[in-house]
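Trainee: The structure follows.
The values are calculated or read from the model by the stated rules, or taken from the named source; none is laboratory data. Because the structure is a prediction, the values reported are computed rather than measured. Backbone-built Cβ (ideal geometry, glycine too); neighbour counts: all protein chains shown.
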Amino acid sequence: MKRWLPFVGAVGVLAWLVSIYLFDPEQGRHYLPCPFRWLTGWLCPGCGSQRAMHDLFHGRLCEALGHNAALVCCIPLLGAQWAVGRWRGLSLGTDNRVVYGWAIALVAWGIVRNLPGLEVLAR
């Protein structure tokens, strides 16, 4: 069973990416709403990620930043983190300080984007 798990995961991610590319999440017909936003009315750190990915796939960087700036900024940072880790001979989960840093940054983003007066971050 363990041999098939990476394959099934890769197929699932590929299917999600194709779905994000083909169907505009802005239309809302094919995607579930965020359960955190549905329960609380607040934006979670991931709210707008599907719309941002769709915009990135279609080359619309400014619109992607408007939907979820954290995601757009995290993609190159995660790539750099992976490259530095490979260069240093480390795997991605070796240094817990990096994981804690990402967790703190995403929680801070979730708080900042819900502050009053920052409606520009709440699309």
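Trainee: In segment 87-111, what count of residues is obtained for those that are at pLDDT 80 or above and out of contact with any helix residue (DSSP H, G or I) (no Cβ under 6 Å at 6 or more places or on another chain)?
Mentor: Step one: filter segment 87-111 for residues at pLDDT 80 or above, giving 87, 100-111.
Right, trim to out of contact with any helix residue (DSSP H, G or I) (no Cβ under 6 Å at 6 or more places or on another chain) and you get 87, 100-108, 110-111.
Here the count works out to 12.
Trainee: On to the next question. Could you tell me whether segment 26-35 includes any residue that is loosely packed, with under 12 Cβ neighbours inside 10 Å, part of a helix (DSSP H, G or I) and modelled with pLDDT of 90 or more?
Mentor: no
Trainee: Take the residues in segment 49-73 that are in contact (Cβ under 8 Å) with a residue 12 or more places away in the chain and under 19 Å from residue 104 (Cα atoms), then tell me which one is surrounded by the most Cβ atoms within 10 Å (Cβ to Cβ).
Mentor: 68
Trainee: Identify the single condition in (1) of a type outside the set (S, T, N, Q); (2) part of a loop (DSSP other than H, G, I, E, B); (3) at pLDDT below 90; (4) farther than 24 Å from residue 108 by Cα that residue 20 does not satisfy, given that it satisfies every other one.
Mentor: (2)
Trainee: Same structure, new question: Being more than 23 Å from residue 18 (Cβ to Cβ) and in a loop (DSSP other than H, G, I, E, B) is the filter here, so list the residues in segment 41-82 that pass it.
Mentor: Once the filter is applied, which keeps residues that are more than 23 Å from residue 18 (Cβ to Cβ) and in a loop (DSSP other than H, G, I, E, B), segment 41-82 yields 41, 42, 43, 44, 45.
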